[in-house]
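Reviewing the structure listed below.
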Amino acid sequence: MATQFFPLIPQGLGTEDIEALDSYVLRLATEHGVSECQFHRLLAWWWNHAKADGQHSLGRHVTYVSKIGYGKDVDTLVQALESGTGILGLSSLTLAAFRDVCGVHVGSFGRSVHYWCPACLREQMQQGLPIYEKLAWRLKAISRCTTHQIALESSCPWCKRNQLRHVDTWPQCSDCGKSLLSREHLWRPALHPSDGETDVLEIIKYCADHPGAVFDRDAARKFWKLMREDKVLGCHPGYEYFHQRPDPTRTLISVLLRFAREFNIPLLSILLNPKQAAAIRPLLPSEPAPDRRVHRNKRMTVSLRKELESALKRYVETGSACKSLKKLCEPYPCTASAVRCWFPNLVRAVADHNRELRRSISEKHKQSLEQLNLDLGLVLKADEVGWHRVESDLSAQYHVPLHRVRKRLSVLKKGAGSLE
Ligand SMILES: [Zn+2]
Ligand SMILES: [Zn+2]
């Protein structure tokens with residue numbers, strides 16, 4: 001059947017590598033030989049004439065709407081795209097499955113700046129596949145590529161600018177026009193998952209597999225209720241995740257992720273079947289809540305207070321390693337704020353002393369780095385083993401933190417970039 005627009009197939013269908021909706025729209029626009037903005041205008045014009053009576057009309061401003069979540073604009077856009085291209089299930093290119101669980105602020109979970117995995121982009125280019133942006137890259141919880149185990153990048157390797165809007169030049173920089181593909185030795189390895197990464201990827205995969213699925217609004221609340229009734233978990237810290245109001249309120253994805261982590265149960269199973277998810281937990285041995293109050297039955301006596309005072313004085317006079325007030329109070333059964341109340345002058349002296357210590361350490365770092373010669377030898381070595389190796393070697397050699405070495409070498413790196 002002939003369709004109004006080209007029946008372009010989204011990339012990564014049914015997998016966790018599924019394409020993001022804005023990337024799909026951009027590719028569709030490029031296929032039609034127009035810019036994204038022009039395409040939206042075209043689509044809106046066609047949809048507003050072709051739609052049925054009960055359906056919403058599409059505004060041109062949808063170009064500027066975040067296409068990660070849901071809401072009237074995105075829903076209408078998906079509807080228009082589906083009937084225009086004949087491709088169904090486009091809602092799985094967004095987080096529309098959360099529409100009942102979370103408020104429209106699912107957008108705050110997404111990024112405004114574009115991120116990408118350079119290795120994935122290179123693969124797509126080499127294999128002659130369409131170059132697209134994954135839905136996972138648009139989400140704040142994802143900071144690395146799990147396939148290539150490297151950190152995502154967000155700035156042009158040449159002009160260092162962020163890519164704010166996805167323009168038709170992708171994957172070229174929207175500012176300087178050079179390729180966003182950085183050289184391989186600059187890729188930063190990232191072997192460990194960040195908090196919530198597995199949960200988010202699982203959910204993306206599920207949604208990609210089940211287009212149109214919508215999570216149950218009360219699932220997380222049901223799970224929470226079941227867990228609270230469980231006597232075994234009496235020792236669990238009683239954090240409140242949900243507002244207790246007569247009408248259930250909607251929550252945030254970030255809260256749900258924290259919630260799942262607290263119980264060490266995959267968020268997807270909580271959302272799909274809270275009863276089953278709650279049943280998993282009692283099988284695990286219940287770990288007692290960590291006891292943060294070491295000084296449970298101790299009292300701050302007068303002699304202890306005097307001891308603390310002299311310890312603080314000693315630190316101000318002779319302390320050579322920087323210690324915070326909290327650290328200094330740790331051996332005593334009192335809080336830092338209580339100490340601030342008891343000895344205001346002494347606490348001020350501690351703060352001054354710390355500032356002085358930090359300044360002298362920073363001065364020392366600067367001086368030792370000044371001995372470093374910025375010559376061509378370093379550039380040649382970096383070409384051989386990569387900048388990150390050179391930086392960590394120098395950091396160990398001069399006993400200086402990595403960020404200072406990076407700053408010192410930045411002039412050299414810029415020069416090396418412009419030589420090519
Ligand atoms: Zn990758
Ligand atoms: Zn650039």
Completion exercise
PRE zone check, label point 7 Å out along Cα-to-Cβ of Trp45, amide N under 14 Å, scope segment 60-100, hits 60
Handout entry: Degrees, to the nearest 10: 344-370 long Cα axis against longest axis of the chain
Key = 70
Handout entry: Fewest-first sequence of Lys178, Lys222 by Cβ atoms within 10 Å of each Cβ
Key = Lys178, Lys222
Completion exercise
Helix 197-209: inclination vs the chain longest Cα principal axis, degrees, rounded to 10, gives 10
Fill in the blank from the handout: Expressed in nanometres to one decimal, the distance between label points 7 Å along Cα→Cβ at Thr147 and Arg359 is 5.3
Problem - Fewest-first sequence of Thr147, Thr251, Thr30 by Cβ atoms within 10 Å of each Cβ - result: Thr147, Thr30, Thr251
Completion exercise
Semi-axes in Å, largest first, for segment 372-419 (Cα gyration tensor, √(5λ)) are 17, 11, 9
Completion exercise
Taking R0 as 35 Å and r as the Cβ-Cβ distance between Thr169 and Cys322, the FRET efficiency 1/(1 + (r/R0)^6), rounded to the nearest 0.05, comes to 0.15
Fill in the blank from the handout: Length gained, Arg228-Ala351, 0.36 nm per residue minus C-alpha separation, equals 39.9 nm
Fill in the blank from the handout: Going through Lys72/Lys134; Lys306/Lys327; Lys72/Lys160 one by one, the pairs whose alpha carbons sit over 29 Å apart turn out to be Lys72/Lys160
Handout entry: Estimated FRET transfer efficiency (Leu13, His388; beta-carbon r; R0 30 Å; 0.05)
Key = 0.25
Exercise for the section: Quickly estimate the mean residue ellipticity at 222 nm for the chain, helices only: each DSSP H run with n ≥ 4 gives -39500 (n - 2.57), and the total goes over all residues, rounded to 500. Expected result: -14500 deg cm²/dmol
Completion exercise
The exposure ranking of Met227, Met125, fewest beta-carbon neighbours within 10 Å first, is Met125, Met227
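Read the figures in this text as sums done on the coordinates, not as results from a lab. Only a predicted model underlies this, so the values are computations on that prediction, with no experimental measurement involved. Cβ atoms come from the backbone with ideal geometry, glycine included; neighbour counts cover every protein chain shown.
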